[in-house]
1. Test residue B:101 against the stated conditions and say whether it is assigned by TED's automatic domain parsing to the domain that holds residue B:78, more than 19 Å from residue B:182 (Cβ to Cβ) and not in a loop (DSSP other than H, G, I, E, B).
2. State the number of residues belonging to the stretch B:52-83 that are assigned to a loop (DSSP other than H, G, I, E, B) and away from ligand 1 (no atom under 15 Å from the Cβ).
3. Identify the single condition in (1) more than 14 Å from chain B (Cβ to nearest Cβ); (2) surrounded by 13 or more Cβ atoms within 10 Å (Cβ to Cβ) that residue A:292 does not satisfy, given that it satisfies every other one.
4. Among the listed residues B:156, B:161, B:79, identify the single one that is closer than 29 Å to residue B:25 by Cα and modelled with pLDDT under 90.
5. Just checking, which of A:211, A:272 is crowded, with 20+ Cβ neighbours inside 10 Å, under 19 Å from residue A:84 (Cβ atoms) and away from chain B (no Cβ under 14 Å)?
6. Let me confirm something: among B:109, B:125, which residue is out of contact with any strand residue (DSSP E or B) (no Cβ under 6 Å at 6 or more places or on another chain), surrounded by fewer than 15 Cβ atoms within 10 Å (Cβ to Cβ) and either within 13 Å of chain A (Cβ to nearest Cβ) or part of a strand (DSSP E or B) (or both)?
7. Out of A:137, A:150, A:127, which single residue is within 23 Å of the chain's Cα centre (by Cα) and farther than 10 Å from residue A:229 by Cα?
8. Among the listed residues A:72, A:46, A:16, which satisfies the condition of being assigned to a helix (DSSP H, G or I) and out of contact with any helix residue (DSSP H, G or I) (no Cβ under 9 Å at 6 or more places or on another chain)?
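The values are calculated or read from the model by the stated rules, or taken from the named source; none is laboratory data. All values reported here derive from a predicted model rather than from experimental measurement. Neighbour counts run over all protein chains shown; Cβ positions are idealised from the backbone, glycine included.
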Ligand SMILES: Nc1ncnc2c1ncn2[C@@H]1O[C@H](COP(=O)(O)OP(=O)(O)OP(=O)(O)O)[C@@H](O)[C@H]1O
Ligand SMILES: [Mg+2]
């Protein structure tokens, strides 16, 4: 079979990928253009950095940036941290393992807003959690757990919803490591932690990166969870964007949107790079080894 | 006692007995081989020794210490895997020092051990390569080196040569043996290749269906197999039924066989009147000898290089005679004699074998 020309392939792909590219391109273009004064829906259009200057000058903007990064980062890290042990546990099939893995993936099929309200009910003042804590004597009286200012409830929900993504990705990766390879490491003295650090993590780092990126981007731009169970004294970037939009300040809303996109990109790249550096490249270990070899060579 | 000992090991998987009542002793510094066909439990026994499998019954001792409940990472054993199981993301050098890092050895000591092993195995040109950039033989050497660097009390090999071609297999076989002797390692070597077992071992344990058939030096097993299985598996001896007629001398018995009446010289008496006897294809003398002469027609001849196999049929069974030099061809009659010393009584009863 001869290979069709790349142009032909490109034309075939056009209706699918082409359309996606056009839409994404259009969105990014509009957002950027709007944030610098074009497509002004209410007043004169024209280039202006005025909206950016105002945005950057606001303390609330920076608080929202920090807060969204905080949620994105921890949601990603915690989801992956929870997914790894589960993926390893489910690596080899055992009786009931299929059922367990199906149940673990159930959150993928429950809409976020439904989950959020369910969660609110469970942790409400008269909810199950409070009842349990009072009954066991850990609390003397029910406490207010909703919308806690530390965003613990929000992060819990984020992990609950996003962990299955990470699990899906990691399960495949972890299963592709041969048992002999793990046994060899253990045979040479590597305990559970060392096996993870030296063998499992480096060999599954691509899946880990993918999971981190997907969860990070999703949690960074979260609106649903934040407005239902998030701290009331904080605003996520999506919330902040909605705040401007609701007041008809489209240019500033666009500015926040561009910020979100930029942070998604930069944050995702940084997280992926960091994961790779820590688990695969091991720069510090390399320097130490290099130094020690030099010293031994110098002695002989 | 130093070295390795496994006492009364039994392993059960659900309904299957993978190992039954195995006793294994490997004195320090010796090279012991587990020999047996596929599925006889060799890998299972290695897994018990290295700690990956907890025996249903029995104990494992290393240097006299009971390690049955010690996890693999804290047992002083190192296993060379059939699949090599090199760490694909680590360079050859990092593979080699992996065990030393886990033991928290300092960089200087690590470098010294590395140098020793690299010199021994001639891996100097490959240190910075990744495993997938190596040939099969090189990977095999890295896997060997990775186990050697930790200087384990017991080194275990699970068919380490089965992925190599015949020529390389022979070279590496000698390499392994000489390294084992140089370092004075206590080694357990698993194979289903009888030549490998005979050539390398101080002592061979023959396993069959999870049970120990016979243990002994290569010479013992070859010249004095005790069961039909061992006689057949180690060097494929000729096995046939025999009826004991009389005791001609203290250590000589007269028997009747499909090949006619024969004399057997044995230190141990036959276990019954109807027994199995075995003789080696090469342990015959051509020509007419007054004792144990046999005449038969050659039905097939097969030139094997160093020797030639001559096959003949008696009572529907094929027998084999081996000669280094022969002009006999198929269809000709040959006369040879089997010396009484070269025939052994087997201990399986005829009825058990017939079933
Ligand atoms: N985890 C297990 N569960 C159930 N049965 C097993 C398990 N591992 C091994 N067995 C069985 O135990 C028996 C011995 O297996 P083992 O792997 O020790 O054979 P082996 O002698 O190493 O064979 P080979 O030469 O083919 O490697 C086999 O019948 C095998 O099917
Ligand atoms: Mg095996």
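1. Against the criterion (assigned by TED's automatic domain parsing to the domain that holds residue B:78, more than 19 Å from residue B:182 (Cβ to Cβ) and not in a loop (DSSP other than H, G, I, E, B)), residue B:101 qualifies.
2. Result for the stretch B:52-83: 9.
3. Residue A:292 satisfies every listed condition except (1).
4. Just one listed residue meets the conditions, B:161.
5. It is A:211.
6. Answer to the selection: B:109.
7. Answer to the selection: A:150.
8. Step by step, each of A:72, A:46, A:16 is checked, and only A:16 is assigned to a helix (DSSP H, G or I) and out of contact with any helix residue (DSSP H, G or I) (no Cβ under 9 Å at 6 or more places or on another chain).
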